[in-house]
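Asks: Pasting a structure below so you can have a look.
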Amino acid sequence: MSRSLSSGAIANVKNPQRKQRRSFNQISAKLAPYGFLTPFIVLFFVFSVFGFVFSLYLSFHQWNPVAGMASMRFVGFENYTFSLGEPDFYKSLYNTIWLGLASGLSQHLVAIPMAYLLVSLGSKFRHFMTSAFFLPFITSTVAVSLIFVNMYSANVGIINKAIVALVNLPVINWFMDWVNAFMPLRWLEDRTLIKPAIAILQFWKFVGFHLVIYISGILTLSKEVEEAAILDGANWRQRFWHVALPHLRPFIFFGVTLTIIGSLQMFEEPFIITNGTGGIGNSGLTISMFLYKVAWEWLDMGWASAMSWLLFLIIAAVTAVQFFVFGKKGLGEH
Amino acid sequence: MELKKLSLALLLVGTTAAAQAATTIRYDCWPNHDKTAVDKIDEFYAANPDIKVEVLSNNWVDHHNKLTTALATGDGAGDLVCIDVEKIGAIVNQGGFTDLTSAFGADKDADKFVDFAFAQGKGTDGNVYALPLNIGPGVMYYRREHMQDLGFKPEEVTKDWDALIDWGVELKKKGVPLVGHAGSIAQTIINTEVEEGNSIYFDADDKPIVTSERFVKAFTYAQKARELGLDGRFGDWSSEWFEGLKQGSFAIQFSGAWLAGFLESWIAPDTAGKWGVEGLPAGFYGSWGGTFLAIPAQSENKEAAYKLAQWLTQDRDIVLYEFDTNAAFPALRATFDAPMFDEEMAFLGGQQARLLWKDIAENIPSVKPSKADNIARAIILEQALPSVVEEGKDVKVALAEAEKLIVRRMRNL
């Protein structure tokens, strides 16, 4: 080590020009990655970091945006204490968690066995079905939400029409006739139905995404393990429970994490389905919708920012709990 | 030859100088109120050769969000902006717009506009901040097959709210709902029967008045209409509402003059002749919607922007063009003697509806917008009213709770 250093030093003394060139090359080699990263870093700081920092700053201020920057006034933790005393904050949080559990859980509970089934059925069928289930995920949320609004329509919606047609079929009618007494279901005007209506839309839209993740997961399961299980006499159900499912653990961890974060930020679907109002008795109001309303309709940016930071803390806490529950196994480490 | 070159050079210099002298202003609005400024701009240029106008159009929601952001950052707003009457209260009193009274003596134009509309553009300091571009005189649209054809008279069923409910009961016997949603009855009473000196939701000192007699009456009639089964239980702009307007499956709709234009042009063009209009029940007057023009305080071309605002709101031909092409009812009195006001409107069964709207526009009482209107509106119309109509909540309890929430949420205003 010392030898190479000293010889290098002699060489540099002998040829100062080469030293200069080398150090220039060394510097530029060191700087090059930063140069390539600059566009991203600039955009990241302007559109992400600044937004974070500014909203944190705002959450300690009272500010009506239309009055200009000069009207900002420091209020300490007032926006936070005000949020925690606000009934609709808790109501929207409850709705968000309800929707997250109803649509999120069902997405995974359906996607996992269905992925296993589709893999078992062979590649041709699997490719077709996966594409069909994935299609809703890539459609425009606004467009499909508007279509669902029409489908949920009490008198002219296809969902109610289908229910009526179904329960009045000859045999089914014998034991399902009582349903007619509840028709038409007012999906969007009934406090108890609005959340299921939103959850159904969410389920339809996202189940295909999780299906793709789980199919990829099952496909990474080595043939040998599967064949060994068959040789040991494990049936289809046992292979699912004891071979495929444990193998899917990191994939489930990933999928559930995305669902938690996505659900807690749910905005577009309930916003369009309830026409921006939150529905009867605010029963379809999610926390993201509420803070949008506070910021852009009631022009109270400080309060909205405080709520968004409370939401951030909640998301962080729930994700941390999930990490804790799944542990390292969730990440595929042993 | 040299002389020719010199004169050409001089001409070029002159043209360049003129181009440099022209002030370019931006006009921000939403479709279709941006259309007149595009279609007729040459007429404005003829009178104002030193001003160039760029039009920036966004949809209604984006336009207002963009305006809010621009006012917040102090940069990026147009020199002249459209603003919906629904949004005006929250912005006008926060200093985002130019005081047109102090800057241009806009008060002197008060008589040119119908009183209520001019008052809506004023701040709490009494100065003018926005000029009315169009208004929506409120009427009751009704289907003739459920009115005259059944032997009812519009003036009798609108004598008072009880008469209207009685007619609804008769219609129900024939299986026809009176109205799309019972809540629209409450909304009409709340918006049109405002006591003198008050704004819709607040008194002169900005204290909420939502537990007052007007609100109790409004909520009670809406609840009664629902209990009697007089509504179709669907809101405005829902698919059933559109279908209902096309098929005539409900009898009446309270709305502004603009709805006739919407019905005729795209909602239900096949229903020509099947509609009629009548003044609102109990002889009250009110307005549904309206568009205003304001100059953001950050604009550096306020004079040019004000010239454009004056042209758009006070040039008789331009305002009539907007009325003709967009069904945007004018607030400008000078237009009221135009021949089109006397025309019988075939779509409305030959009624001279524009005369009725004109009469209503002149009689709508002046109600100033309040700075917390948007908060109160959301709580009353989106939460308290549905809880009473859909869930049968006690009216007084719902209103008392609403008042508490309004007071709480307007803490910073």
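The values are calculated or read from the model by the stated rules, or taken from the named source; none is laboratory data. Note that this is a predicted model, so its numbers are computed, not measured. A quick note on method: Cβ atoms are made from the backbone with ideal geometry, for glycine too, and the neighbour counts reach across all protein chains shown.
Asks: Filter the range B:230-247 down to the residues that are modelled with pLDDT under 95, part of a loop (DSSP other than H, G, I, E, B) and either among the hydrophobic types (A, V, I, L, M, F, W, C) or on the phi > 0 side of the Ramachandran plot (or both) and list them by number.
Replies: Across the range B:230-247, the qualifying residues are B:ARG233, B:PHE234, B:TRP237.
Asks: Evaluate the following for A:VAL171: is it farther than 23 Å from B:ASP231 by Cα, aliphatic (A, V, I, L, M) and either outside the structural domain of A:ALA111 (by TED's automatic domain parsing) or under 29 Å from the mean Cα position of the chain (by Cα) (or both)? Show your work before the answer.
Replies: Working: farther than 23 Å from B:ASP231 by Cα: yes; aliphatic (A, V, I, L, M): yes; either outside the structural domain of A:ALA111 (by TED's automatic domain parsing) or under 29 Å from the mean Cα position of the chain (by Cα) (or both): yes.
In short, yes.
Asks: On to the next question. Being free of Cβ contacts under 8 Å to residues at least 12 places away in the same chain, within 12 Å of chain B (Cβ to nearest Cβ) and either in contact with a Phe, Trp or Tyr (Cβ under 7 Å, 6 or more places away or on another chain) or surrounded by 13 or more Cβ atoms within 10 Å (Cβ to Cβ) (or both) narrows it down to one residue among A:GLU78, A:GLU86; which is it?
Replies: Working: A:GLU78 fails: free of Cβ contacts under 8 Å to residues at least 12 places away in the same chain.
Testing whether each residue is free of Cβ contacts under 8 Å to residues at least 12 places away in the same chain, within 12 Å of chain B (Cβ to nearest Cβ) and either in contact with a Phe, Trp or Tyr (Cβ under 7 Å, 6 or more places away or on another chain) or surrounded by 13 or more Cβ atoms within 10 Å (Cβ to Cβ) (or both) leaves just A:GLU86.
Asks: Which of the residues spanning the range A:246-297 are surrounded by fewer than 21 Cβ atoms within 10 Å (Cβ to Cβ) and on the phi > 0 side of the Ramachandran plot?
Replies: Correct list: A:ASN275, A:GLY276, A:GLY281.
Asks: Going through the range B:67-80 one residue at a time, which ones are touching a residue at least 24 places away in the same chain (Cβ under 8 Å), within 12 Å of chain A (Cβ to nearest Cβ) and under 20 Å from B:VAL128 (Cα atoms)?
Replies: Matches in the range B:67-80: B:LEU67, B:LEU71, B:ALA77.
Asks: Still on this structure: From B:ALA328, B:ALA338, B:ALA294, grab the single residue that is more than 24 Å from B:SER366 (Cα to Cα) and either in contact with a Leu (Cβ under 9 Å, 6 or more places away or on another chain) or touching a residue at least 24 places away in the same chain (Cβ under 8 Å) (or both). Explain how you work it out, then say what you get.
Replies: Details: B:ALA328 fails: more than 24 Å from B:SER366 (Cα to Cα); B:ALA294 fails: more than 24 Å from B:SER366 (Cα to Cα).
Result: B:ALA338 is the single residue among B:ALA328, B:ALA338, B:ALA294 that is more than 24 Å from B:SER366 (Cα to Cα) and either in contact with a Leu (Cβ under 9 Å, 6 or more places away or on another chain) or touching a residue at least 24 places away in the same chain (Cβ under 8 Å) (or both).
Asks: May I pose another question? Determine if the range A:260-278 includes at least one residue that is charged (D, E, K, R) and closer than 19 Å to A:VAL325 by Cβ. Break it down stepwise before answering.
Replies: First, the residues of the range A:260-278 that are charged (D, E, K, R): A:268-269.
With the extra rule that they be closer than 19 Å to A:VAL325 by Cβ, the set shrinks to none.
No, the range A:260-278 contains no residue that is charged (D, E, K, R) and closer than 19 Å to A:VAL325 by Cβ.
Asks: Select, from B:GLY74, B:GLY95, B:GLY78, the only residue that is on the phi < 0 side of the Ramachandran plot and among the small types (Gly, Ala, Ser). If you could, list the steps in order and put the result at the bottom.
Replies: On the way: B:GLY74 fails: on the phi < 0 side of the Ramachandran plot; B:GLY95 fails: on the phi < 0 side of the Ramachandran plot.
Within the list B:GLY74, B:GLY95, B:GLY78, the selection yields B:GLY78.
Asks: If a residue must be more than 26 Å from A:SER131 (Cα to Cα) and β-branched (Val, Ile, Thr), how many such residues does the range A:214-242 contain?
Replies: Residues flagged as more than 26 Å from A:SER131 (Cα to Cα) and β-branched (Val, Ile, Thr) within the range A:214-242 amount to 2.
Asks: Could you figure out which of (1) away from chain A (no Cβ under 14 Å); (2) within 23 Å of the chain's Cα centre (by Cα) isn't true of B:ILE375?
Replies: Only one criterion in (1) away from chain A (no Cβ under 14 Å); (2) within 23 Å of the chain's Cα centre (by Cα) is unmet by B:ILE375, namely (1).
Asks: Moving to a separate point now. Tell me whether the range A:280-303 contains one or more residues that are away from every other protein chain (no Cβ under 14 Å), over 30 Å from A:PHE74 (Cα atoms) and in contact (Cβ under 8 Å) with a residue 12 or more places away in the chain.
Replies: Checked against the condition, which is being away from every other protein chain (no Cβ under 14 Å), over 30 Å from A:PHE74 (Cα atoms) and in contact (Cβ under 8 Å) with a residue 12 or more places away in the chain, the range A:280-303 yields no hits at all.
Asks: Please enumerate the residues belonging to the range B:378-400 that are in a helix (DSSP H, G or I) and either within 8 Å of chain A (Cβ to nearest Cβ) or surrounded by fewer than 19 Cβ atoms within 10 Å (Cβ to Cβ) (or both). Show your work before the answer.
Replies: Taking the range B:378-400 as the starting set, the residues that turn out to be in a helix (DSSP H, G or I) are B:378-389, B:395-400.
Within the range B:378-400, B:ALA378, B:LEU381, B:GLU382, B:GLN383, B:PRO386, B:SER387, B:LYS396, B:VAL397, B:ALA400 qualify.
Asks: Then there is this: Before we move on, is A:VAL171 without any contact (Cβ under 8 Å) to a residue 12 or more places away in the chain and among the β-branched types (Val, Ile, Thr)?
Replies: Details: without any contact (Cβ under 8 Å) to a residue 12 or more places away in the chain: yes; among the β-branched types (Val, Ile, Thr): yes.
Judged against the criteria, A:VAL171 is a match.
Asks: May I pose another question? Please enumerate the residues belonging to the range B:279-306 that are within 15 Å of B:LEU100 (Cβ to Cβ) and crowded, with 21+ Cβ neighbours inside 10 Å.
Replies: B:PHE292, B:LEU293, B:ALA294, B:ILE295, B:PRO296, B:SER299, B:ALA304, B:ALA305, B:TYR306
Asks: Somewhere in the range B:191-203, is a residue touching a helix residue (DSSP H, G or I) at 6+ places or on another chain (Cβ under 6 Å) and within 14 Å of chain A (Cβ to nearest Cβ)?
Replies: So far as the range B:191-203 goes, yes, one or more of its residues are touching a helix residue (DSSP H, G or I) at 6+ places or on another chain (Cβ under 6 Å) and within 14 Å of chain A (Cβ to nearest Cβ).
Asks: Among the residues of the range A:129-156, write down those that are closer than 30 Å to B:LYS246 by Cα and more than 10 Å from every other protein chain (Cβ to nearest Cβ).
Replies: Here is the first cut: in the range A:129-156, the ones closer than 30 Å to B:LYS246 by Cα are A:140-156.
Matches in the range A:129-156: A:SER140, A:THR141, A:VAL142, A:ALA143, A:VAL144, A:SER145, A:ILE147, A:PHE148.
Asks: Kindly indicate which of A:ALA197, A:ALA132, A:ALA165 is at pLDDT 90 or above and closer than 17 Å to A:ILE280 by Cβ. Write out each step before concluding.
Replies: Details: A:ALA132 fails: closer than 17 Å to A:ILE280 by Cβ; A:ALA165 fails: closer than 17 Å to A:ILE280 by Cβ.
Residue meeting the stated conditions: A:ALA197.
Asks: Taking the options B:ALA110, B:ALA90, B:ALA119, name whichever one is outside the structural domain of B:LYS224 (by TED's automatic domain parsing), surrounded by fewer than 16 Cβ atoms within 10 Å (Cβ to Cβ) and assigned to a helix (DSSP H, G or I). First the steps, then the outcome.
Replies: Details: B:ALA90 fails: surrounded by fewer than 16 Cβ atoms within 10 Å (Cβ to Cβ); B:ALA119 fails: surrounded by fewer than 16 Cβ atoms within 10 Å (Cβ to Cβ).
That would be B:ALA110, the only listed residue that is outside the structural domain of B:LYS224 (by TED's automatic domain parsing), surrounded by fewer than 16 Cβ atoms within 10 Å (Cβ to Cβ) and assigned to a helix (DSSP H, G or I).
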